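Notes follow the structure.
Since every read-out is calculated from the coordinates, none of them should be taken as a lab result. Since the model is a prediction, treat every value here as computed from it, not as a measurement. Cβ: placed from backbone, ideal geometry, glycine included. Neighbour counts: every protein chain shown.
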Amino acid sequence: MNDLAAAEPDRLRKMIELWWSEAGKYGVLPLDDRDWERGAERLRMNPKTRYAYLGDMARIDRLSAPDISDRSYVVTASFEADEVAEGVILAWGSRFGGFVLYIKERQLCYEYVYSESQQHTLAVDFPQHPGKRVIQLKFERVGPRAGRASLVVDGAATGVLDIPRTWPTHGTTAGLNCGRDAGAPVSDAYQRPFRFSGRSLRVTIELEDDTQNPGAAYQAVLREQ
């Protein structure tokens, strides 16, 4: 109720010294509240760079999914189509942060959700015909937390989207679904789960090794207070 710090500086000094002494004794140090930075660097220390998923497999938790934060990567989806194929190919995250790749009304759509109020959308024509189809989403890191996405349909580049701000770390907090959007929907453009109608869906994600000194920043923040 009464601030005695100015009136009793000696007691204040002793309390401060005692706090630091107890903090050292019980493993509180170093003090560091940079959760995003430390978490992102720790995830980048994972050497795995290639992941594969099949349609309708169980949801993948976000910490078991690839770390795509602030790096380049390529998503490749292959499937067998009848005359018309549509639905969610890959849904990652939720309306609060994530992205989704889907086909609807003869368009291939990519939506990147930076936040609930900021989304980026790229839609290109998707000619429908039966047989094996291959779709790619290429994401290029163009600067710190900035990227450029492009779509490729059966080997032909079809569209480019600049994304000036990307997540500082795992923004895809709702996990990953392949062949449907089974969680909180990433987009309002469809009714979930909007199950993919193509057959034998297989999605691979390949991460580029464009991170600088992975793990260096993680070790640095652990040494600092």
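For the ranges 15-28, 196-209, what's the packing order if you count other beta-carbon atoms within 10 Å of each residue, average per peptide, and put the highest first?
Output ranking for 15-28, 196-209: 196-209, 15-28.
Using the number of other C-beta atoms within 10 angstrom as an exposure proxy, rank 96, 126 with the fewest first.
96, 126
Compute the FRET efficiency between residue 15 and residue 146 as 1/(1 + (r/R0)^6), taking r as their Cβ-Cβ distance and R0 = 41 Å, and round to the nearest 0.05.
0.35
Considering only the other residues whose Cβ falls under 12 Å of the Cβ of residue 55, what net charge follows from Lys and Arg at +1 and Asp and Glu at -1?
Residues close to residue 55 contribute a combined charge of +2.
Through the Karplus equation 6.51 cos²θ - 1.76 cosθ + 1.60, θ set to phi - 60°, convert the phi angles of the range 54-63 into ³J(HN,Hα) values in whole Hz; use x for Gly and Pro.
10, x, 6, 6, 5, 4, 9, 4, 4, 7
Taking 22 Å as R0, compute the FRET efficiency from the Cβ-Cβ separation of residue 56 and residue 80 and round it to 0.05.
In this case the efficiency is close to 0.90.
What nm value, rounded to one decimal, do you get for the distance between residue 104 and residue 118 when each label is placed 7 Å out toward the C-beta?
Once both label points are built, they end up 2.3 nm from each other.
Under the 0.36 nm per residue contour assumption, what length would be gained going from the current alpha-carbon distance of residue 31 and residue 96 to full extension?
Contour length minus Cα-Cα distance gives 20.5 nm.
Is the shape of the range 74-203 best called rounded, prolate or oblate, per the rule: a/c under 1.5 gives rounded, else a/b larger than b/c gives prolate, else oblate, with a ≥ b ≥ c the square roots of the Cα gyration tensor eigenvalues?
Verdict is oblate for the range 74-203.
Which of the aspartates and glutamates could a cross-linker bridge to residue 132, judged by Cα under 18 Å and excluding same-chain residues fewer than eight apart?
Partners within reach: 80, 82, 83, 86, 154.
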